[in-house]
Structures are given as structure tokens and as C-alpha cells.
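Note sheet for the following structure.
The values are calculated or read from the model by the stated rules, or taken from the named source; none is laboratory data. For clarity, every value in this text was computed on a predicted model and none was experimentally measured. Here the Cβ positions follow ideal geometry from the backbone for every residue, glycine too, while neighbour counts run over all protein chains shown. Only protein heavy atoms, including side chains, enter the accessible area calculation; ligands, DNA and RNA are left aside. Shrake-Rupley method; radii C 1.70, N 1.55, O 1.52, S 1.80 Å.
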Amino acid sequence: MSVLAAIAVLAVLILVHEAGHFMAARLQGIHANRFSLGFGPILWKYQGSETEYAIRAFPLGGFVGFPDDEPENVYPPDDPNLLRNRPILDRAIVISAGVIANLIFAYLVLVVQLGAVGIPEAKQPGILVPQIVAQVSQVNATAEAAGINPGDLIWVDGQKFEFSINEKNSQSELLATTSGQPTKLVVTRNNEPIELSVTPQTGGYMGIQLSPSVAAAAGIKPGDVILAANGQNFGRSLKEEAVLRELIRSSSGKSIQFTIQRGDRKLSLSASPQPGPDGESRIGISLAPNGPKGNPVVYRRPQNVFEIFSLAAEDFQRIVILTAQGFWQLISNFKETAHQVAGPVKIVQIGASIAQSDITKLFQFAALISINLAIINILPLPALDGGQLAFLLIEGIRGKPLPTKIQDGVMQTGLMLLLGLGIFLIVRDTANLEGVQKFFR
């Protein structure tokens, strides 16, 4: 059922996108003779007075068809309500309406989520530090044989793994809380998580020397709760994490004074963020809402409708900015980030996992994917809405459209490339599914 829920979300988002194009055309009196959800063979169709509505076999997209260039076009070539005969602005509205519809839908989904589910906040004040990061400085033969290399980053949670710092050389030994049995260890190498299996020796020794992070050297430990930083207290709002991240990011080389809750004790510790390989300042901690393990978040009722719309707008802005930054990183650093591109199978897998763990989080999932669809479609690439808008821009500059042969050639080439990429992602993501990998073992 969780897989069906994820597929339903994607289908709704595609429907919203195509409905945007369709409504923008019909509200302007422009002829639209086809409205299709999906591609391939027709599973169901209904012939309206002007438009054929259809559901097709492969729900990986959809389209709105216009009679302009179809052989069975029943309208005269100079009909002012044919899309090609409309002014550039009218056509631009139709082309961009799908993107606008996805953005509006994403915002409304966030509004519905906050109104129906409530506003999430941590059960307890402060920000939890579930893990501390440390860099591998040296490994023995056993750890090296397990695949661990100097320079790898290891997240230490204080439960499966722990370490203590040697004050003389600022190095430490990674220890497992169990010994004599294989233990899964996740390291980060070139920004990619790698899962390895290591068998700790007696006492939990793993043969891994660490160079502790700034936070570890400052005395911050997994399980600590940050109550304040530079005098700014942190409450139960989930926005506090973003506030702390921004403080760390903007304080490179400057000391930050932390108030830490550790069990029954309150501690005052200081740490100076240092730039990482990407230039981003950090101290080497992960952040999470403060509350019982596995269920740290509660939902409260909104105070009024204005709070709902205001918080939805903030969430919407945050998701748009993060998504845009993600696309920029993909474009500017494609070689290192290309493996992160997900196809329909991976998206459904993520959605199914979310639906299985907490069905209410499908609202956020729907909003995120809807915004992603909008940004992808507005990119100036052939066969996408942005590519068609680029043709309109060229037409506006030239005073006449590009020759039909050029437009058709570019669009068909772009469509083939996109289909090829889609097939590749489907095959790759399907092959990476746990069930498929087990089948071939």
C-alpha cells in the first residue's frame, strides 16, 4: 500500500502540472484537443466536446495536445484560437502554467499539512547532538583490510561507537561498544556514504586512529543537548536547527560559546568553526530535535489561520531555496553529484518508505517533489517547458520564430536524450532495489 501511495502522489503531481497547461489554454479560449496522463498505449479515454481525455499505460509524465500541427486539424490555419497564432505572451502563459501550478500546489499542500496534522516541534527544549564526526588519521592492517582508509569521516554516536581524546597528541582510538562480532560502520568518502563491516577486537578496539572534529576537541559528546549558543536560547521550534547551522556557518574562526545539557549537568564549552573542503564552516556535529529516541517530535494545533499561511510560506521558501541550491550543485559539480540524481523508481521507493514510517510526511514529500518538478521543467532544456520558453524568447528577439525544422530537430533530440536518461535511471534504480539485489545473489 505504501508503494501505491507514493505512485498516487506522483500521478497527482503530474496531473496538476498538465492541468495547469490545459486550464491556461482553455481560459484563454485556445483550442486543446488532448489531455493525457501518462505515455504509451491508452488504458481509458473519454471524448469531450473538443478534448480527448486519456489515461495511458506508463505514468511517467503526461501531455496536453494542441491541434495546430496535427493532420486531422479541423480548424482553418488562420484560426486565432490556435496556439501558434496567439501572441507570444499568451503562449508563454500556457507553457509556464504547468510550473506555476506545481508551485501553487506545493504551497497548498503545506497549508493543508499544517492545518490538518499540526505544527511540528520538539518534545523538549534545546537541540540534540546525536553524532560527532571524526576523521580517520591512521589504520592498522585489519581496519585497512575492512576497507577503511585514512581521510574517511566517521560519525560516532556514543552508542555503537565511542572514543576519548588523547590530550597529548589530540588523537583518539575508535572503540566499538561490542567486541568479537562483525559491526557495521558507515564512513563518508568523497561526500558519499560507504557501509563497511569490521570485527572489533577485545575491548572494542578496531585499529582506527582518529583526528577529532572541532566539536569533539572542545568536549562536545554524542547525546549532548545544546541549550544556547552565544547567549541565544534554543526552544522547541524545529527552526532552531537552521538558526544554529547559520551561526556556525557565519562564524568561521570565531569562538562560539555553547551551553550544554549533559544528563543532570549544565556545561559551558566553546568551539571555533573551521572551513571544510567545500569552504563551508562547520564544527563536526549532527543536529536533531530534542526528545525521546524514535519519537522526538510532537504536533500542536495552530493558533490561527494566519499562522498556518505564514509557516507554510516559510516552509515553501526553504524548500525552494534548498532545491535550487541542489540543482546548482548538480550543474556546477556534476562529476561528484551525478550519482545523486534519482529516477521515478527511486522516488517511489523513497515515497513508499516515508508512507510506511509516517503517512503524514507524504505532505512534505508531495511538496518537495512538486517543487522539484517545477524547477526541472523551467530549465532551458529541449523538450521541457523551459526549452519552449527559450524558443519564445528567441522569437521575441528575432521578431519571427525559428524555422520549424530547427525547432522540431532540437525538441526531438532533447526528447530522445530525456527518454534515454529516464530509462537509464529506471534500470539503475531498479537494479539497486534491495529485493532485486537479493534475487541475484
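Exactly one of these conditions fails for residue 230: (1) buried (at least 18 other Cβ atoms within 10 Å of the Cβ); (2) in contact with a helix residue (DSSP H, G or I) (Cβ under 8 Å, 6 or more places away or on another chain). Give me its number.
(1)
Listed here are the residues, each with its yes/no results for (1) open to solvent by less than 60 Å² (accessible area, probe 1.4 Å); (2) of a type in the set (Ser, Thr, Tyr); (3) at pLDDT below 85; (4) on the phi > 0 side of the Ramachandran plot.
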position	(1), (2), (3), (4)
59	no, no, yes, no
64	yes, no, no, no
71	no, no, yes, no
80	no, no, no, no
84	no, no, no, no
89	no, no, no, no
113	yes, no, no, no
120	yes, no, no, no
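Just the residues that are touching a residue at least 40 places away in the same chain (Cβ under 8 Å) and surrounded by fewer than 18 Cβ atoms within 10 Å (Cβ to Cβ), please, taken from segment 147-161.
Passing the criteria: 147, 149, 157, 158, 159.
Which of the residues that make up segment 24-51 are in contact with a Gly (Cβ under 9 Å, 6 or more places away or on another chain) and surrounded by 15 or more Cβ atoms within 10 Å (Cβ to Cβ)?
24, 32, 33, 34, 35, 36, 37, 38, 51
Determine which single condition residue 130 fails, assuming it passes every other condition in (1) in contact with a helix residue (DSSP H, G or I) (Cβ under 8 Å, 6 or more places away or on another chain); (2) over 27 Å from residue 20 (Cα atoms).
The single condition residue 130 does not satisfy is (1).
Taking segment 180-202 only, how many residues are open to solvent by 50 Å² or more (accessible area, probe 1.4 Å) and over 31 Å from the mean Cα position of the chain (by Cα)?
6
What single numbered condition from (1) within 24 Å of the chain's Cα centre (by Cα); (2) over 21 Å from residue 137 (Cβ atoms); (3) exposed (fewer than 15 other Cβ atoms within 10 Å of the Cβ) fails to hold for residue 257?
With (1) within 24 Å of the chain's Cα centre (by Cα); (2) over 21 Å from residue 137 (Cβ atoms); (3) exposed (fewer than 15 other Cβ atoms within 10 Å of the Cβ) applied to residue 257, the lone miss is (1).
Which pairs do you get when a residue that is farther than 18 Å from residue 385 by Cα, found in segment 64-92, comes within reach of a residue that is aromatic (Phe, Trp, Tyr) and buried (at least 16 other Cβ atoms within 10 Å of the Cβ), reach meaning Cβ atoms under 9 angstrom, with the pair 6+ apart or on two chains?
Correct list of pairs: 82/66.
Any residue in segment 243-261 that is free of Cβ contacts under 8 Å to residues at least 40 places away in the same chain and in a helix (DSSP H, G or I) sitting within a Cβ distance under 9 Å of a residue that is open to solvent by 60 Å² or more (accessible area, probe 1.4 Å) and of a type in the set (Asp, Glu)? List the pairs, counting only those 6 or more apart or interchain.
249/280
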